[in-house]
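First comes the structure, then the notes that go with it.
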Amino acid sequence: MDFTKVKENLEALGYKVSCFDTKEQAADYMDSQIDQKTVGFGGSMTLMEMGLYEKLKEHNEVLWHWKMPEGKTGAEVLAAAQTAEIYVSSVNGLAESGEIINIDGNCNRVAGMLFGHEKIYLVAGENKLATDYEQALYRARNIAAPLNAKRLNRKTPCAVKADHCYDCKSPERICRVLSVLWEKPSGREYEVVLVHENLGY
């Protein structure tokens, strides 16, 4: 997939955009840009597949509830990530026109993307791209969310086949909040990192 158009549209909306052929190149780039900082991570298979945590923790304090430090609770790590200097997350859907879509359950990830940090990095493999807003939203609801529910062993209709959203009322439902970045939020720096590989869900 050609990133030219989405890159142009994202830049027109105020984002810095970097493109890479491989996840290793993207991880090396981010490792070179983030140094001696506190870094919050959102839950993300993309970041896991990149091995980014392992790189950054060598010279940063990285706060990720998927990698719990000894003596800390999940609640403590989640709270600390919200006040980190840098926040890193992936996305559930990215429209060619530039809308960035995420669905969340307890909302730490979408909250971290929106406020409270010097800079936010949003990473997207080419599988996250869609032709327009409607298709990006469809992808987030019917591809990313069911696959994540299945990964988390949730007792929801979508987790059984990981095929589509059933708009269920299950107490274990993970798709509780939708965030859409129409343009770059004001007051802080955002960089979208695009990778020419399939990453995450």
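Taken together, the values in this text are just the output of simple stated rules run on the coordinates, not laboratory data. Since we're looking at a predicted model, the values are computed, not measured. Don't worry about glycine lacking a Cβ; one is built from the backbone with ideal geometry, like all the others, and counts go over all protein chains shown.
By DSSP, the beta bridges lying fully in segment 79-201 are antiparallel in about 35 percent of cases.
For K57 and T83 in the same chain, what is the full-extension length gain: residue separation times 0.36 nm, less their Cα-Cα distance, in nm?
7.7 nm
I want to make sure I understand the PRE zone here: with the label point 7 angstrom from the Cα of N9 toward its beta carbon, which residues in segment 158-193 have backbone N atoms less than 18 Å away? Answer for this model: 179-185, 191-193. In this structure, the residue pairs whose Cα-Cα separation is over 28 Å, taken from K7/K72; K57/K169; K128/K150; K7/K67, are K7/K72; K57/K169; K7/K67. Estimated at 0.36 nm per residue, the fully extended path between N142 and D21 surpasses their Cα-Cα distance by 40.9 nm.
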